[in-house]
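Student: Have a look at the structure that comes next, please.
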Amino acid sequence: MASRGEQKERGHGFGTAPVFLAAISTILGAILFLRFGYGVAHVGVLGVLTIILIGHLITIPTGMAVAEIATNLKVEGGGEYYIISRSFGPTVGGAIGISLFLSQAISVAFYMIAFSEAFRPLFPWFEHLTGHTPDPRMVGIPATLILIGVILYKGADLGVSMLWVVVSILALSLVMFFLGHPVTHNSDLGLLSTVKRPDNFFTVFAIIFPAFTGMTAGVGLSGDLKNPRRSIPMGTLFATICGMVVYVMVVIKLGLSATPDELAGDQFIMSKIAVWGPIIPIGLGAATISSAIGSILVAPRTLQALAGDGVFPWKRINAYLTRGRGKANEPINATLLTSLIALVFVSMGNVDFVAQIISMFFMVTYGSLCSISFLEHFSGDPSYRPTFRSKWYLSLLGAILSFVMMYQMQPLYAILAILSMAGIYWGLKRSNQGERDLSEVVQGVLFQLTRKLQVLIQRQGASQSMANWRPSFIALSSHSLTRLAPFDVLRWISHHYGFGSFIHFIRGPLNSETHADAQATLERLVRQARSSDAAIYVDTIVSPSFRTAVAQLVQIPGVAGLENNSMLFEFLYEEKGQLEHLLESCDFAAIAGFNVCVLRHSNRHFGYRRLIHIWLTPGDYRNANLMIILAYIIIGHPDWKGAEIVLYAAFHKKEMDREVARLNDLLARGRLPISPNNVIPVPLAEDQSFDSLVSVNSAEADLVITGFSIGKMKQDEGEFLKGFENIQD
């Protein structure tokens, strides 16, 4: 951590005033002087007031989000980029930061061209004097070069001093406007009065919205502030509120002072209303030059912070752009690049297209800031402890409005802006493997949501019926890495309808050696699950015996959002031997109320996966639903695409008619989820064993499902599981 002396050397140690001045000078800019009259003419006073309301429903939540995040983080140079990158990670922060820098750099050109418009009232005089029609670029390019020279020579110190001067002129021009007299006196404010064939609301909104984008201009000075955690919230919010009040007053004054046709026909209508007309072009010049100063102070600092984080893939470029001058680390090299971009666009002379792109990137930034604040409210991150708290619903409103209005303003530009940022993001993601990302915040939100839902479900005492039953399996095996059959069965069951936890058993006491073995095995299981695209949770357990491992697992809560309800055990047919531990394990699971499934598998590995046979006996009606549901879930996996299920009803001949009638009744009432066409009654002779009947009829089946009784299986010491010689799985 840097010492206080080192921190101070990184910046100028400004207070709150520069934040306010940079923001308010950008808010009260070219749009206010040149286009508010157009807005009132085309959508009426009420329409522009609605635009101001919607604009501030975006900017005020954003301002509060900035204030909140700034009071949680130790904010350094880079402003909005720093806040986003430290909250979302370097990939998302870098993508937004690069876009933000470009919009800030091009904003310098936008404001300088608008500054040129302030001299348009002098163009007729110049043309009369010289005989040449002047071009606004004759003012814009030299003015931009002078501004660049001043900033490069004196840096932020002079920039902030100039802000005091231009904001004073700006305030004077507004005062003279409010004290002025109407061009045409309107006794009625005319809330809905417009010109004939007016532009639609969203066209006007798109033109006026850049007036609201200056709200966070002062945040870019974060590296030069003595106490950014205090100055950023106070300066930003105060500027936003002051700007909103001035906007409302200007709109009402325009509505009372001129007709819609007069407002639409003269972009300098404010000059005719003001006490002294020339003060409006002077105020416009002051507003635009102050906005340009704010942008040319902020953009290089954003670029310097990006390079300082190594966002760009070239080390030399990062080192060059990070390099500053003097104790304040003035971003001299970043300013040169910013100036070059600004000059290119000033020389074009028309930035209408670029201005709309700028608005899109600013909207993306605002939406991202509000999204960060909203997500952090629900993530429950212990390290997120801001001293200023916004409201989650305000942040959500700001985020939604930002993205909705982007598309309403200009869908094509919105898509281009998002695609550009997505391209930058994926490029940065490839070069920042393993870095903190948006996924951590989302993970925190999902964790909190799952936790709250689990508590709610438990308090409600909700239980599953067969109508909405979902399998939540635990599979336990000590041969996880050598026997894929149980792993495959679990991933088939968990593909869409259920959830599975595959647990590898390690016999022994829990010590450093077995723990290391468990961690190494877990890494292999994770790779196995990833390569097979298995939607299951894998883990390991160290326990003295298989039975104690089962006893532990049946008592732990599920990780799927619902409690575990089934256990899957397995053994290899070719290695059948003592099944004592398996039988006791089944008993433990049954005591805990679990459904118990035992997979006896072979080297055939489910053959061609085209045919599943289910065998139903008079003692299996309690198992019937479970067996049929599991079969349907399994064939829903792509590995079993096109597979068929056949249900064999095995009853003694003398009971066949009664049992078939009972079965048909259950099928008719929907108690068994299978079509009668898939049911085959099979008579069981008195001298014929169930084992032989299954072996004869299901020799070609890829999977056979049958019911069993744990009590009887314990009595015969597992002989039932060893039978069915012709059946592979």
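The values are calculated or read from the model by the stated rules, or taken from the named source; none is laboratory data. Just so it is clear, the model here is predicted, and its values are computed rather than measured. Positions of Cβ are generated from backbone atoms using ideal geometry, with glycine treated the same way; all protein chains shown enter the neighbour counts. Accessible surface areas use protein heavy atoms only, side chains included; no ligands, DNA or RNA. Shrake-Rupley method; radii C 1.70, N 1.55, O 1.52, S 1.80 Å.
Student: Picking from N186, N227, which residue would you name as being at pLDDT below 85 and touching a helix residue (DSSP H, G or I) at 6+ places or on another chain (Cβ under 9 Å)?
Tutor: Unique residue meeting the criteria: N186.
Student: Follow-up. Please go through segment 504-527 and give me each residue that is more than 37 Å from the chain's Cα centre (by Cα) and aliphatic (A, V, I, L, M), ordered by number.
Tutor: Hits for segment 504-527 are I506, L510.
Student: Another question, then. Would you confirm, using the coordinates I've provided, whether V682 is closer than 23 Å to R470 by Cα and touching a helix residue (DSSP H, G or I) at 6+ places or on another chain (Cβ under 9 Å)?
Tutor: no
Student: Looking at segment 591-617, which of the residues that are of a type in the set (G, A, S) and at pLDDT below 90 is least open to solvent (accessible area, probe 1.4 Å)?
Tutor: Result: S602.
Student: Look through segment 382-398, keep the residues that are hydrophobic (A, V, I, L, M, F, W, C) and either farther than 20 Å from I232 by Cα or at pLDDT below 85 (or both), and return whichever of them is farthest from the chain's Cα centre (by Cα).
Tutor: Checking each candidate, the answer is F388.
Student: Shifting gears a bit: On the basis of being without any contact (Cβ under 8 Å) to a residue 24 or more places away in the chain and either closer than 30 Å to E574 by Cα or in contact with a Ser or Thr (Cβ under 9 Å, 6 or more places away or on another chain) (or both), does L667 make the cut?
Tutor: yes
Student: Right, here's the next one. So which pairs qualify, if the first residue must be in segment 60-85 and charged (D, E, K, R), the second must be modelled with pLDDT under 70 and open to solvent by 10 Å² or more (accessible area, probe 1.4 Å), the Cβ gap must be under 8 Å, and the two must be at least 6 apart or on different chains?
Tutor: K74/R229; E76/R10; E76/G223; E76/P228
Student: Another question, then. Name every residue in segment 630-673 that is assigned to a helix (DSSP H, G or I), open to solvent by less than 50 Å² (accessible area, probe 1.4 Å), out of contact with any Lys or Arg (no Cβ under 6 Å at 6 or more places or on another chain) and closer than 22 Å to A699 by Cα, in order of residue number.
Tutor: Result: L630, A631, I634, I635.
Student: Quick one: in segment 425-460, which of the residues that are in contact with a Ser or Thr (Cβ under 7 Å, 6 or more places away or on another chain) and open to solvent by less than 50 Å² (accessible area, probe 1.4 Å) is modelled with the lowest pLDDT?
Tutor: D437
Student: Answer yes if at least one residue in segment 618-628 is closer than 25 Å to F499 by Cα, assigned to a helix (DSSP H, G or I) and open to solvent by 60 Å² or more (accessible area, probe 1.4 Å), and no otherwise.
Tutor: Within segment 618-628, one or more residues are closer than 25 Å to F499 by Cα, assigned to a helix (DSSP H, G or I) and open to solvent by 60 Å² or more (accessible area, probe 1.4 Å).
Student: Restricting to segment 505-540, count the residues that are assigned to a strand (DSSP E or B) and open to solvent by less than 20 Å² (accessible area, probe 1.4 Å).
Tutor: The total comes to 3.
Student: Restricting attention to segment 22-41, which residues are closer than 19 Å to L163 by Cα and in a helix (DSSP H, G or I)?
Tutor: A22, A23, I24, S25, T26, I27, A30, I31, L32, F33, listed by residue number.
Student: Is it the case that segment 304-319 has a residue that's within 27 Å of I169 (Cβ to Cβ), in a helix (DSSP H, G or I), open to solvent by 20 Å² or more (accessible area, probe 1.4 Å) and among the polar types (S, T, N, Q)?
Tutor: No, there is no match, as no residue in segment 304-319 is within 27 Å of I169 (Cβ to Cβ), in a helix (DSSP H, G or I), open to solvent by 20 Å² or more (accessible area, probe 1.4 Å) and among the polar types (S, T, N, Q).
Student: Mind listing whichever residues of segment 355-381 are open to solvent by less than 20 Å² (accessible area, probe 1.4 Å) and either at pLDDT below 75 or of a type in the set (D, E, K, R) (or both)?
Tutor: A355, I358, S359, E376, S379
Student: Just to be sure I understand the filter: pairs with C-beta atoms under 6 Å, separated by 6 or more residues or on different chains, first member in segment 704-729 and over 16 Å from S692 (Cβ atoms), second member part of a loop (DSSP other than H, G, I, E, B) and open to solvent by 40 Å² or more (accessible area, probe 1.4 Å). Which pairs pass?
Tutor: Between residues of segment 704-729 that are over 16 Å from S692 (Cβ atoms) and residues that are part of a loop (DSSP other than H, G, I, E, B) and open to solvent by 40 Å² or more (accessible area, probe 1.4 Å), the close pairs are Q728/R604.
Student: Which numbered condition in (1) without any contact (Cβ under 8 Å) to a residue 60 or more places away in the chain; (2) touching a Phe, Trp or Tyr at 6+ places or on another chain (Cβ under 8 Å) is the only one that M656 fails?
Tutor: For M656, the failing item is (2).
Student: Among the helices (runs of 4 or more DSSP H) contained in segment 674-729, which hold 1 or more residues that are at pLDDT 90 or above?
Tutor: 690-697
Student: Pick from L562, L572, L568: which is within 25 Å of A592 (Cα to Cα), surrounded by 13 or more Cβ atoms within 10 Å (Cβ to Cβ) and at pLDDT below 90?
Tutor: L562
Student: If you don't mind, there's one more thing I want to ask. Please determine whether any residue of segment 45-52 is crowded, with 24+ Cβ neighbours inside 10 Å, part of a helix (DSSP H, G or I) and modelled with pLDDT under 75.
Tutor: Within segment 45-52, none of the residues are crowded, with 24+ Cβ neighbours inside 10 Å, part of a helix (DSSP H, G or I) and modelled with pLDDT under 75.
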